[in-house]
1. If you go through segment B:1-21, how many residues are of a type outside the set (D, E), at the interface with chain A (Cβ under 7 Å from one of its Cβ atoms) and more than 19 Å from A:L4 (Cβ to Cβ)?
2. Can you confirm whether segment B:29-47 contains a residue that is under 30 Å from C:P2 (Cβ atoms) and hydrophobic (A, V, I, L, M, F, W, C)?
3. Could you identify the single residue in D:E49, D:E127 that is facing chain A (nearest Cβ under 9 Å), open to solvent by 50 Å² or more (accessible area, probe 1.4 Å) and not polar (S, T, N, Q)?
4. Take the residues in segment C:83-124 that are out of contact with any strand residue (DSSP E or B) (no Cβ under 7 Å at 6 or more places or on another chain) and of a type in the set (S, T, N, Q); name whichever of them is surrounded by the fewest Cβ atoms within 10 Å (Cβ to Cβ).
5. Restricting to segment C:1-25, name every residue that is farther than 15 Å from D:I9 by Cβ and modelled with pLDDT of 90 or more.
6. If B:T59 satisfies all but one of (1) of a type in the set (S, T, N, Q); (2) under 22 Å from D:E49 (Cα atoms); (3) touching a His at 6+ places or on another chain (Cβ under 8 Å), what's the number of the condition it fails?
7. Would you check which residues across segment A:1-31 are under 23 Å from the mean Cα position of the chain (by Cα) and either under 18 Å from D:A66 (Cβ atoms) or assigned to a strand (DSSP E or B) (or both) and list them?
8. Sort out which residues of segment B:22-35 are open to solvent by 30 Å² or more (accessible area, probe 1.4 Å) and more than 7 Å from chain A (Cβ to nearest Cβ), and write them in order of number.
There are 4 protein chains.
Amino acid sequence: MPKLERLSISLAEPLLAKLAALVKESGYRNRSEFIRDLVRDRLVSKQWEKGEEALGTVTLVYNHNARKLAARLTGLQHHHHHAILATTHVHLSHDICAEMIMIRGRAGDIRRIADQMRQQKGVLHVELSMSSTGEKLA
Amino acid sequence: MPKLERLSISLAEPLLAKLAALVKESGYRNRSEFIRDLVRDRLVSKQWEKGEEALGTVTLVYNHNARKLAARLTGLQHHHHHAILATTHVHLSHDICAEMIMIRGRAGDIRRIADQMRQQKGVLHVELSMSSTGEKLA
Amino acid sequence: MPKLERLSISLAEPLLAKLAALVKESGYRNRSEFIRDLVRDRLVSKQWEKGEEALGTVTLVYNHNARKLAARLTGLQHHHHHAILATTHVHLSHDICAEMIMIRGRAGDIRRIADQMRQQKGVLHVELSMSSTGEKLA
Amino acid sequence: MPKLERLSISLAEPLLAKLAALVKESGYRNRSEFIRDLVRDRLVSKQWEKGEEALGTVTLVYNHNARKLAARLTGLQHHHHHAILATTHVHLSHDICAEMIMIRGRAGDIRRIADQMRQQKGVLHVELSMSSTGEKLA
């Protein structure tokens, strides 16, 4: 575990009171954890803006009856096997499947993989979650 | 000006270094100002989530040749005159107008006014900016 | 007014029914207007992604008692007078002011002007609304 | 496969040309697929706004050395076992783990589970992806 440092910041009293209420309402145990998470969220946004190495999760919903869709999606994933860390498949109903696919790479490359999945005929929804490999957040 | 208080938070050394880089890159003079702004952004998001009193700016782009559109938009604004603080009109080109409209009220009411403008035939784009009356941010 | 063309699209019956419900619920008179607005929203997002000419509205909330803030903000706006189309000032309370500032220019330049305002000491909140000069939306 | 219906919409010629360019640039094969996806994106947004049944994927990044964190996260997931469909764990580095967790339930319940994970000490980042169980999108 890395060494903890103290950071002292100044706030007007009313803003401090609102921060305290926000921390409590958000279920955090203390203000340090809350502020660390605000900083981390901003760091992750910046990583994605700048196209740095990042971690993305694609959630994919599709009808497995669509012609050759499962095969096309598998082919696409193999084409990007260097970037795709894991894929999990869930059978949501008789017809509908959902997959979540964790991808590590440059932000732009992750976006392109998600776009290629979105364009496949029969895909009903694709959502990309932007996260981080964590080295920058510790 | 309200009295300034000190808030001391603990961060692991690597995260502190990344925060310092982020503060500098974002053009802030010091970490206190940067963190105060992170907290304020979160407070404003929460105000809008909870439907509290807020400040919104609607940006409206439209073709003034659309049938009676200018009159319909003026009528709509007068209907909400208690909430609309100011409207500024800019002539962008021969045909295209832009207006920015500052609205004070409950978040849900501001959204509804923006939606009513969006639905008018001839309106090309409506965007709602979510801000705050500032009392909660000082 | 430009000539209207017909575009015919195919949808599965259940999706068509959900579209009809969505159009009604959103207060639109017909599906054409609803879909035109979906397309326009996407066009505006792309304009901002690509950094093309765009229209932005900055909403600025600040305490006018902050040292020389009003003068600093005015100076900043004059520095960008070629891009700033109009500024409207509203006195929200004894201490708090709000301004809305319409800016025309490349998306990146509009963002930079908003960032410079955000960094001024005493500014409580800055929100940027991304819109379009409309030529691309008609 | 459900029966396909035709929907005819009217657009001004310049907007139609911009739509054609956007469809091509986005890698879609035709305008029907592009517009179906715009409609589906809006349907999913509405499902989440209204708190209907939805599908969410939580991406979780954490340091597995944090005290009892892995056990706390497992406990939390078991507590919500009725909603959690699948969890996949990836070892990103010596210290850092990522998990993706697929959750089915009311939008508000999915958000609450994500929030509870975010509040655990040692968690570095949590991102929630909002998708749909697909029945409404076919």
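1. Of segment B:1-21, the ones of a type outside the set (D, E) are B:1-4, B:6-12, B:14-21.
Narrowing the set further to residues that are at the interface with chain A (Cβ under 7 Å from one of its Cβ atoms) leaves B:2-4, B:6-12, B:14-16, B:18-19.
From what is left, the residues that are more than 19 Å from A:L4 (Cβ to Cβ) are B:2-4.
Total satisfying the criteria: 3.
2. Of the residues in segment B:29-47, the ones under 30 Å from C:P2 (Cβ atoms) are none.
The answer is no; no qualifying residue exists.
3. Working: D:E49 fails: facing chain A (nearest Cβ under 9 Å).
Answer to the check: D:E127.
4. Of everything passing the filter in segment C:83-124, C:S93 is surrounded by the fewest Cβ atoms within 10 Å (Cβ to Cβ).
5. C:A12, C:E13, C:P14, C:A17, C:K18, C:A21, C:K24, C:E25
6. Status for B:T59: all satisfied but (2).
7. Of everything in segment A:1-31, those that are under 23 Å from the mean Cα position of the chain (by Cα) and either under 18 Å from D:A66 (Cβ atoms) or assigned to a strand (DSSP E or B) (or both) turn out to be A:G27, A:Y28.
8. Pass one, segment B:22-35, residues open to solvent by 30 Å² or more (accessible area, probe 1.4 Å): B:24-25, B:27, B:29-31.
Answer for segment B:22-35, where residues must be open to solvent by 30 Å² or more (accessible area, probe 1.4 Å) and more than 7 Å from chain A (Cβ to nearest Cβ): B:K24, B:E25, B:G27, B:R29, B:N30.
The values are calculated or read from the model by the stated rules, or taken from the named source; none is laboratory data. What you are looking at is a predicted structure, and each value in this text was computed from that prediction instead of being measured. Neighbour counts are summed over all protein chains in view; Cβ atoms, including those assigned to glycine, are modelled from backbone coordinates with ideal geometry. Protein only, heavy atoms only, side chains kept; ligands, DNA and RNA dropped before computing areas. Shrake-Rupley method; radii C 1.70, N 1.55, O 1.52, S 1.80 Å.
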